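Colleague: Structure below; questions to follow.
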């Protein structure tokens with residue numbers, strides 16, 4: 001095996017590999033310094049649309065090095081924690097008013113709200129020349145994803161989608177291993193999750209209830225058609241999640257993208273990067289349980305079919321959600337641990353002064369486990385599997401072997417893991433990330449485009465969102481990416497673009 005430089009196996013995919021490493025890193029646009037952006041030493045003034053839930057950690061991750069100058073949330077109760085920690089910053093319920101009033105003081109905006117409002121909030125920001133960090137899954141519909149990508153280019157703003165695994169060392173290792181020919185031609189991928197952890201497969205909507213005084217329900221609905229507020233009745237009396245808000249909106253077609261929208265941008269990140277997936281020819285829901293007339297099922301399996309890409313052969317990608325255990329996949333040795341490693345799940349964060357969340361040097365950036373750690377993790381799993389969290393992850397199946405990764409692309413390793421005993425990772429062909437938020441902040445100040453900027457994130461999300469549509473219709477969804485239409489199903493085609501409540505359209 002070649003240890004220094006690039007061995008002959010690195011030409012396994014020929015010219016395809018050459019196109020996978022743009023001269024400017026993950027982006028293909030020239031340095032933003034030419035456009036007059038801030039000095040790397042000057043702090044950004046960042047506002048946030050959304051202050052509760054995931055926005056809490058997004059805000060703190062940026063506050064480590066930058067200024068937080070304005071905050072917005074439609075629900076004072078959900079935002080109260082972050083509001084208490086940033087008492088001097090102006091607070092708003094309507095993001096449009098915040099952008100109008102604070103415009104001169106804002107350089108960049110975090111958009112961390114329910115999926116159906118991602119595109120609308122981000123578009124309002126970009127139109128004003130603001131850089132945006134938009135939480136995954138970027139948008140709820142394919143049309144919105146394309147609109148945002150076009151706007152990012154038109155307004156010359158720095159962007160990043162919140163799929164942290166794209167900044168992970170393991171995601172890059174996975175791509176480089178596959179390009180080196182470590183497992184040969186990849187023709188099948190499986191990705192899985194135990195999500196949803198919120199109710200799906202709902203069949204009825206509870207009666208209307210009074211809107212809490214802390215919540216502006218009209219603003220929460222945003223572009224969506226009006227519907228009465230409900231907390232959910234007696235079964236939700238002791239819960240904080242409510243029927244729609246603040247968390248369970250993911251279960252509804254009108255508001256979220258189900259388990260696929262929550263986790264696919266993470267778990268399918270390594271397959272998207274390593275296999276350069278592009279657009280599928282078709283998507284089909286091959287199994288679902290616990291269906292709902294207005295929301296996502298309790299469990300589902302989707303199949304995406306991708307054509308050949310350069311010298312890479314056609315590949316079928318399977319998505320499994322609602323699982324209580326890792327799927328059994330033919331060819332995987334009995335007792336082999338796939339995906340996440342037990343007791344090493346990357347969901348926690350180190351905390352710095354004042355309890356603020358610190359972006360880790362760990363699983364998203366550079367932590368690499370050695371062979372003995374993999375063996376120890378597998379042994380723990382085999383001994384205690386019934387009492388341990390069910391792992392999420394992905395599996396690549398090639399004609400010369402298999403590779404597995406964790407939720408965020410971490411813990412990338414060959415299967416069986418004994419193959420890692422004397423394995424040398426290939427030379428690093430891809431640039432490495434300083435951290436997902438730092439990557440975006442650097443881009444805002446004139447550095448290289450962030451690794452999941454919208455020129456990359458939008459095509460990725462587009463094919464994932466076709467899976468969301470396939471969950472709503474019977475049979476295959478056949479896709480024409482050039483014309484942006486579903487060619488075999490008029491009902492499915494209408495789900496490519498959202499409807500806008502009067503006064504909310506950005507077209």
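Colleague: Is there a residue in the range 39-53 that is modelled with pLDDT under 95 and under 25 Å from residue 137 (Cβ atoms)?
Modeller: For the range 39-53, residues modelled with pLDDT under 95 and under 25 Å from residue 137 (Cβ atoms): present.
Colleague: Go over the candidates 184, 204 one by one and state the one that is part of a loop (DSSP other than H, G, I, E, B), surrounded by fewer than 23 Cβ atoms within 10 Å (Cβ to Cβ) and on the phi > 0 side of the Ramachandran plot.
Modeller: Checking each option against the conditions leaves just 184.
Colleague: Still on this structure: Could you grab me the full set of residues in the range 440-456 that are assigned to a helix (DSSP H, G or I) and crowded, with 24+ Cβ neighbours inside 10 Å?
Modeller: Within the range 440-456, 440, 441, 443, 444, 454 meet the criteria.
Colleague: Still on this structure: Taking the conditions exactly as written (more than 21 Å from residue 495 (Cα to Cα), part of a helix (DSSP H, G or I) and modelled with pLDDT under 95), does residue 235 satisfy them or not? Give the derivation first.
Modeller: Numbers: more than 21 Å from residue 495 (Cα to Cα): yes; part of a helix (DSSP H, G or I): yes; modelled with pLDDT under 95: yes.
Considered against the rule, which asks whether it is more than 21 Å from residue 495 (Cα to Cα), part of a helix (DSSP H, G or I) and modelled with pLDDT under 95, residue 235 comes out as yes.
Colleague: Then there is this: Within the bounds of the range 476-495, is there any residue that is surrounded by 19 or more Cβ atoms within 10 Å (Cβ to Cβ), at pLDDT 95 or above and within 21 Å of the chain's Cα centre (by Cα)?
Modeller: yes
Colleague: With respect to residue 138, determine if the residue is modelled with pLDDT of 95 or more, surrounded by 20 or more Cβ atoms within 10 Å (Cβ to Cβ) and at positive phi.
Modeller: Against the criterion (modelled with pLDDT of 95 or more, surrounded by 20 or more Cβ atoms within 10 Å (Cβ to Cβ) and at positive phi), residue 138 qualifies.
Colleague: Scanning the range 385-404 for residues that are in contact with a helix residue (DSSP H, G or I) (Cβ under 7 Å, 6 or more places away or on another chain) and modelled with pLDDT under 95, which turns out surrounded by the most Cβ atoms within 10 Å (Cβ to Cβ)?
Modeller: Ranking the candidates gives 392 first.
Colleague: Considering only the range 35-49, state which residues are closer than 19 Å to residue 126 by Cβ, out of contact with any strand residue (DSSP E or B) (no Cβ under 7 Å at 6 or more places or on another chain) and in a loop (DSSP other than H, G, I, E, B).
Modeller: Once the filter is applied, which keeps residues that are closer than 19 Å to residue 126 by Cβ, out of contact with any strand residue (DSSP E or B) (no Cβ under 7 Å at 6 or more places or on another chain) and in a loop (DSSP other than H, G, I, E, B), the range 35-49 yields 36, 37, 38.
Colleague: I would also like to ask the following. Just one of 84, 58, 75 is buried (at least 18 other Cβ atoms within 10 Å of the Cβ), more than 28 Å from residue 149 (Cβ to Cβ) and modelled with pLDDT of 95 or more; which is it?
Modeller: Being buried (at least 18 other Cβ atoms within 10 Å of the Cβ), more than 28 Å from residue 149 (Cβ to Cβ) and modelled with pLDDT of 95 or more holds for just one of 84, 58, 75, which is 75.
The values are calculated or read from the model by the stated rules, or taken from the named source; none is laboratory data. Fair warning: this is a prediction, and the values are worked out from it, not measured in the lab. All Cβ positions, glycine included, derive from the backbone under ideal geometry; neighbour counts span all protein chains shown.
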